[in-house]
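First up is the structure itself, then whatever we jot down about it.
The values are calculated or read from the model by the stated rules, or taken from the named source; none is laboratory data. Keep in mind that what you see is a predicted model, and the values were worked out from it rather than measured. Cβ atoms come from the backbone with ideal geometry, glycine included; neighbour counts cover every protein chain shown. To get the accessible areas, we keep the full protein, side chains included, count just its heavy atoms, and leave off ligands, DNA and RNA. Shrake-Rupley method; radii C 1.70, N 1.55, O 1.52, S 1.80 Å.
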Amino acid sequence: MSKSFTLVLSVLCGTILIACNGGGGGGSSNGNSSFAMEPIPPNPVQPVGTYNGLAYSALGQPPGLTTAYPDTFWPNGLLSLQIAYGNNSESSIANLTAYVRMGGHLCSATPVKYDSVRNTTFLIGAAHCFVKYKDSATTLTRANLSPTSELDVYHGVNAESITERTPYVVEAVYLRQDYCYNATFVVDDQCPNFSPSYGVANGQGNDIAVIQIQGHYANLPAESYPQVVPSSEYPTPYTAAPVLSIGYGINTQSQNSAAECSNSLEPCGTMFYTANYQYWQQDTTGYHYLYNNFYNNGGLGGAYGYSALICGGDSGGGDLFWTGTKWILLSEHTYGPGGACGTFYSYLPNGSTNVSSYYDWIMPILNSTDPISDCKNSTNGVTICVTNG
């Protein structure tokens, strides 16, 4: 089986999960990577685990959901594998995610903080959604980024529908200068790969972005946003912790083509499912990935392996964990295998960037009184930063 990995940026690039870096076209990553190895023996029955001494089942119902969590979102008894194990009508789920447009392309993001003093909201997304090209191997620059005039953020259950979405103006996007380190690519291409088996130490990766928008996203209380936290607050790896994954990409429940995602026919929407936590964690310099995948041992139509649940347009969408008192953002969607949307693979196909690994880079931006200036001047703890603001 070919193990080809691609970014999952834009549904308008087609259904093969290729990256467009805010433009068009793109290509897939080389398959000769360390991901070809089985990380650990497949085990469909993970330990149940606990969080702060409580069983996951005892963490309670997140506020606002109208259906039982996580049971209603768990992928059991389905006749066919779908990207969304639930529906796209839960308004409380839509409050936990955002729809991001880059010209004619689509990504997702997670709101994490509202600053009432400046009436601005910060979200976490994927860097590859905002990079048009890269001409320096070592340093990402402002010129490489899509301008704010080409970016829009929307809130709504069906953000493709003009009548159902609320728009927000993008003030700035913040990326790391070492994004896709040691590599260059041209317009309509992409970072060559996201595997540490390529390149050198401090090599390609760091696929994370902070997005700043005008206004109060979804008018949520501060405690309702998913939180960026250090790894010490994460659930135990390799346990059956429920993880809610969200994105605005292709919705295979509707069986619509990717091209229709641009004309308000509602094939795209708030999609969500619950998956087991971390079958494998890869954590090397520049590469900080989590794999929040449901494992099926032949129960769904005889399918076997790890679920490729992330589809085109889901890039930057969040993998969330309910602690019993708050949602925490574990990771954001980065890549998946080409053409594998809604299928099972015998190896781990979907990689999400571990947000906690960038905690010390993110928090100074969120807490700055002038993050655009601090990013440009590398002051007040906002370092190795580049912005289009």
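Results, tabulated for the structure shown:
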read-out	value
Accessible carbon and sulfur surface of region 347-389 relative to its total accessible area, %, 1.4 Å	46
Accessible-area order (highest first, 1.4 angstrom probe) of the listed residues Tyr181, Tyr154	Tyr181, Tyr154
Karplus 3J(HN,Hα) series, Hz, for region 378-389 with 6.51 cos²θ - 1.76 cosθ + 1.60 (x for Gly, Pro)	6, 10, 6, x, 8, 10, 6, 10, 9, 9, 9, x
FRET efficiency, 1/(1 + (r/R0)^6) with R0 41 Å, evaluated for Ser116 and Thr72 via beta carbons	0.75
Contour excess over end-to-end distance, with Cα ends at Ala58 and Thr166 and 0.36 nm allotted per residue	35.4 nm
Per-residue SASA entry for Leu65, accessible area with 1.4 Å probe, Å² rounded to 10	20
Exposure ranking of Arg176, Arg142 by accessible area [1.4 Å probe, largest first]	Arg142, Arg176
Spin-label pair Val186/Ser231, simplified geometry with 7 Å Cα→Cβ offset, distance in nm	3.9
